[in-house]
Ligand code: SF4
């Protein structure tokens, strides 16, 4: 009997096509009071027009489907790059459940983060008691080496003071005095996950390096990846540094945590930059950030407080990777090895093979500022033409940098940077000024469905395709990955458009 029931279990994609559900949906409609299908179709058509686009772009008080998340999400990604670190979010449970599930859906890995579970009473009287109890429970139950505290909107609205709360918690015996509890205020009503990452990275480094400055440097280079969701990129940075013989510290390395081996045993803390190495990062020769807007405050802090040289270098595309390696060579005196020259040659060869399919292709893209800058570097290099660039978490600095890059190439002349706009704006852009390709995260699948613009998934989050986050988008190998995803999407679309027998299939070719 039980066996029979198991056999009847259906995936929801099949389940809801069954007669009983179809009948139920039809019956439900008569109580919904909706418009007629003709009226719905008429309005749907109207939303594709220039008239609607103008109304859409004049909206001020409403955001629809922004391509960004909130500060604490970025903060906890920074935290899990460090050995034995438990992210602790001071605020309500629901927010933290959302952060955990967001990362789990992207990385397909468990993600541990706790909250101080603030509810109505804490919202009225302040969350100090939640912090005292929460830190004690976290310390005793989960046995971390460090607890990194950030905040949700609720704690920020009532003005809870993390420094004072952590100090009081230690005085009340929640955890030992010397136990590291870095913190960052991460109000979600300003900035985005990118700023949250930056705030937490600064908080962790300032906590761990306090009093650790030495007379001489340790000869190392620090790398700060930024809000990096491609595990392959973290591994690529390490591989490039090792090939060049560079002694480095990756701040922080969450590659093992977010891509842990399945060996039958759950470990809450996997890998990560050791707290000793992170503490010694103050004595490095220089810090190289691979993202600019995810490290602005951290770099300011390092330059001012550590008196250390900082550099931003995004190794996207051939030129970006060349500049990155040359900068490393300049900082360390290490030569660029022959192996990397050969890799470069292979990437250039691959670009040459595919360039004819990419040249002049009109592209729409959206994402975080640094990701978009990296993609623009790559697209301009292969002769593609960026047209619509939507960055919900834009800044004036990003817009100036993006415009300067676009103006440096004839292929950038038709591009417009839409700072602060969302994916509903992007929908209007795609209907009124169509493009050949859309690049962005999984949320773009609704634009793909509506506008039929071929789509390449690059960015964060990617919920609906598997394993893309394991690849790299940087370095010469990452350049080949980007090329692979983009050119083969164009070729898939070409096949789809030439598929009708005796009509369009004269161009349905075996060889492209
Ligand atoms: S925006 Fe505020 S309320 Fe919403 S998930 Fe982020 S921290 Fe929580």
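The values are calculated or read from the model by the stated rules, or taken from the named source; none is laboratory data. Since this is a predicted model, take the numbers as computed values, not measurements. Glycine also receives a Cβ, built like all others from the backbone with ideal geometry; neighbour counts cover every protein chain displayed.
From the residues in the range 75-101 that are more than 19 Å from the chain's Cα centre (by Cα) and assigned to a helix (DSSP H, G or I), which one is farthest from the ligand (Cβ to nearest atom)?
93
Is there a residue in the range 409-417 that is more than 20 Å from residue 70 (Cα to Cα), at pLDDT 95 or above and assigned to a strand (DSSP E or B)?
Yes, the range 409-417 contains a residue that is more than 20 Å from residue 70 (Cα to Cα), at pLDDT 95 or above and assigned to a strand (DSSP E or B).
Only one of 59, 42 is in a helix (DSSP H, G or I), more than 15 Å from the ligand (Cβ to nearest atom) and under 25 Å from residue 432 (Cβ atoms). Can you tell me which? If you could, list the steps in order and put the result at the bottom.
Working: 59 fails: in a helix (DSSP H, G or I).
Checking each option against the conditions leaves just 42.
Can you go through 511, 486, 506, 490 and tell me which one is assigned to a helix (DSSP H, G or I) and outside the structural domain of residue 367 (by TED's automatic domain parsing)?
Only one candidate qualifies: 506.
May I ask you to say which residue of 110, 72 is in a loop (DSSP other than H, G, I, E, B) and within 20 Å of the chain's Cα centre (by Cα)?
When all the criteria are applied, what remains is 110.
Tell me the residue from 69, 164, 97, 148 that is modelled with pLDDT of 95 or more, surrounded by fewer than 17 Cβ atoms within 10 Å (Cβ to Cβ) and closer than 29 Å to residue 368 by Cα, please.
Going through 69, 164, 97, 148 in turn, the sole match is 97.
Listed here are the residues, each with its yes/no results for (1) out of contact with any strand residue (DSSP E or B) (no Cβ under 8 Å at 6 or more places or on another chain); (2) within 30 Å of residue 511 (Cβ to Cβ); (3) crowded, with 21+ Cβ neighbours inside 10 Å.
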residue	(1), (2), (3)
357	yes, yes, no
368	no, no, yes
371	yes, no, yes
376	no, no, yes
383	yes, yes, no
388	no, no, yes
405	yes, no, no
449	yes, no, no
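Report yes if some residue within the range 72-81 is free of Cβ contacts under 8 Å to residues at least 24 places away in the same chain and closer than 22 Å to residue 365 by Cα; otherwise report no.
Step one: of the range 72-81, the residues free of Cβ contacts under 8 Å to residues at least 24 places away in the same chain are none.
No, there is no match, as no residue in the range 72-81 is free of Cβ contacts under 8 Å to residues at least 24 places away in the same chain and closer than 22 Å to residue 365 by Cα.
Has the range 216-231 got at least one residue that is without any contact (Cβ under 8 Å) to a residue 40 or more places away in the chain and either over 30 Å from residue 483 (Cα atoms) or in a helix (DSSP H, G or I) (or both)?
No: zero hits.
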